[in-house]
Amino acid sequence: MQAPLVVFVPGYMQRGEAWAPVARRVAERYPTLCLDFRTHTLEGRLAELADVAPPGSAAVGYSMGGRLVLHLAAREPERLGAIVTVGASAGIGDPAARAARRAADEALAARIESQPIERTVEEWERLPVFAGQPERLVEEQRPGRRSHDPHELATLLRSAGQGSLRPVWDRIPSIEAPLLAIAGERDSAYVEAAERLAALAPRGRAATVAGAGHAAHLERPEAVAGLILDALS
């Protein structure tokens, strides 16, 4: 029996190569693909993901990438053979909170469009969610972040940001595939989201990565790869 393809889905302001350290380990046992999106809207990215993830494949997504994986699975519950999210949730359920986030995302999108990409990346690197990352790791991510076009980033934020996306918590119970929700132990909001995803999914499980923040796959790639391999075995 052929091993399933494992598709790695990057987060906002990432390229597919951000998953390389994890994908190399997983590739020792499974065929892998690090997806590098060409489009910058929700529907475009869902179509791209569906194109490269054949029935029975596994999809592994970080942050915005994790939300995209959950949305694809919510639309096509039988497509994926396994789902792994890292630092992701199924959306903002409270309408007022989602509206506030949408307004904040629009303000950020407008700022991204109005300034050089270097300034945007500098501001992004200072976000509290990334606090605690070693400077070496920050520097390694910088070229990929700076390779983005500001207008495309703004378009993506307006289309697939947390303020724009409809939450899919109510669809998680319909997903029959095994679902592993990973979060770094310092990322308390997403530890809670991971536990909620695991509780709702019929075959759900949550895992916390010790010593990691929001980007656990970058901060502890060996640990995350091990969790993925365990989930697929």
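Where in region 176-213 are there trypsin sites (Lys or Arg not before Pro) that are in a DSSP coil and have at most 16 other Cβ atoms within 10 angstrom of their Cβ?
Here the sparse-neighbourhood loop sites are 203.
Students sometimes get this wrong: rank 48, 125, 176, 113 by accessible area, probe 1.4 Å, all chains present, largest first.
Result, largest first: 176, 113, 125, 48.
Could you list, bin by bin from short to long, the percent of Cα-Cα pairs of region 113-227 in 5 Å steps?
Values per bin, smallest distances first: 2, 10, 15, 17, 18, 18, 12, 6, 1, 0.
Remind me, relative contact order of region 130-233 in percent, using alpha carbon pairs under 8 angstrom and six or more residues apart?
25
State, as an integer percentage, the relative contact order of region 1-153 based on alpha-carbon contacts under 8 Å between residues 6 or more apart.
Value for region 1-153: 22 percent.
Output the relative contact order of region 99-170, whole-number percent, from Cα pairs under 8 angstrom with separation of 6+ residues.
59
Please express the shape of region 31-117 as an equivalent ellipsoid: the semi-axes are the square roots of 5 times the eigenvalues of the C-alpha gyration tensor, given largest first in whole angstrom.
For region 31-117, the ellipsoid semi-axes come out as 26, 17, 11 Å.
Dipole of region 28-107, Cα-centred, from +1 at each Lys and Arg C-beta and -1 at each Asp and Glu C-beta, to the nearest 20 debye?
For this selection, approximately 140 debye.
Using θ = phi - 60° and the Karplus form 6.51 cos²θ - 1.76 cosθ + 1.60, what ³J(HN,Hα) does each residue of region 21-27 get, whole Hz, x for Gly and Pro?
Karplus-based 3J(HN,Hα) across region 21-27 equals x, 6, 4, 4, 5, 5, 5 Hz.
Can you tell me how much longer the chain between residue 47 and residue 114 gets when fully stretched, taken as 0.36 nm per residue apart minus their C-alpha distance, in nm with one decimal?
Using 0.36 nm per residue and subtracting the Cα-Cα distance, I get 21.2 nm.
If each DSSP helix of 4+ residues adds -39,500 (n - 2.57) and the sum is divided by the residues in the chain, what number results at 222 nm, nearest 500 deg cm²/dmol?
Taking each H run of at least 4 residues, the total per residue is -14500 deg cm²/dmol.
List the trypsin sites (Lys or Arg not before Pro) within region 90-125 that fall in a DSSP loop (any state other than H, G, I, E or B) and whose Cβ has at most 10 other Cβ atoms within 10 Å.
When the trypsin sites (Lys or Arg not before Pro) of region 90-125 are filtered for loop state and at most 10 Cβ neighbours within 10 Å, nothing remains.
Give me the dipole magnitude in Debye, nearest 20, for the chain about the Cα centre, with unit charges on the beta carbon: positive for Lys and Arg, negative for Asp and Glu.
Dipole magnitude for the chain comes out near 240 debye.
Tally Lys and Arg at +1 and Asp and Glu at -1 over the other residues with C-beta under 12 Å from the C-beta of residue 108: what net charge comes out?
Net local charge, residue 108 excluded: 0.
Take the Cα atoms of the chain, find their three principal axes, and give me the spread along each one in whole Å, biggest first.
Here the spans come out as 51, 39, 32 Å, largest first.
Pick out, in residue order, every one of the trypsin sites (Lys or Arg not before Pro) in region 19-84 that is DSSP loop and has at most 15 other C-beta atoms within 10 Å; say none if there are none.
In loop regions of region 19-84 (DSSP not H, G, I, E or B), the sparsely surrounded trypsin sites (Lys or Arg not before Pro) are 29, 38.
Can you compute 3J(HN,Hα) from phi for each residue in region 131-140, using the Karplus curve 6.51 cos²θ - 1.76 cosθ + 1.60 with θ = phi - 60°, rounded to whole Hz and x for Gly and Pro?
After applying 6.51 cos²θ - 1.76 cosθ + 1.60, I find 4, x, 6, x, 4, 4, 5, 4, 5, 5 Hz.
So what is Rg over Rh here for region 157-213, counting just Cα atoms and using Kirkwood for Rh?
My calculation of the ratio gives 1.03.
DSSP beta bridges in the chain, what fraction antiparallel, as a percent rounded to 5?
Of the beta bridges lying entirely in the chain, close to 0 percent run antiparallel.
The values are calculated or read from the model by the stated rules, or taken from the named source; none is laboratory data. Note that the structure is predicted; figures quoted are calculated from it, not measured. Note that we place each Cβ from the backbone using ideal geometry, even for glycine, and neighbour counts take in every protein chain shown. We work out accessible area using only protein heavy atoms, side chains counted, and drop any ligands, DNA or RNA first. Shrake-Rupley method; radii C 1.70, N 1.55, O 1.52, S 1.80 Å.
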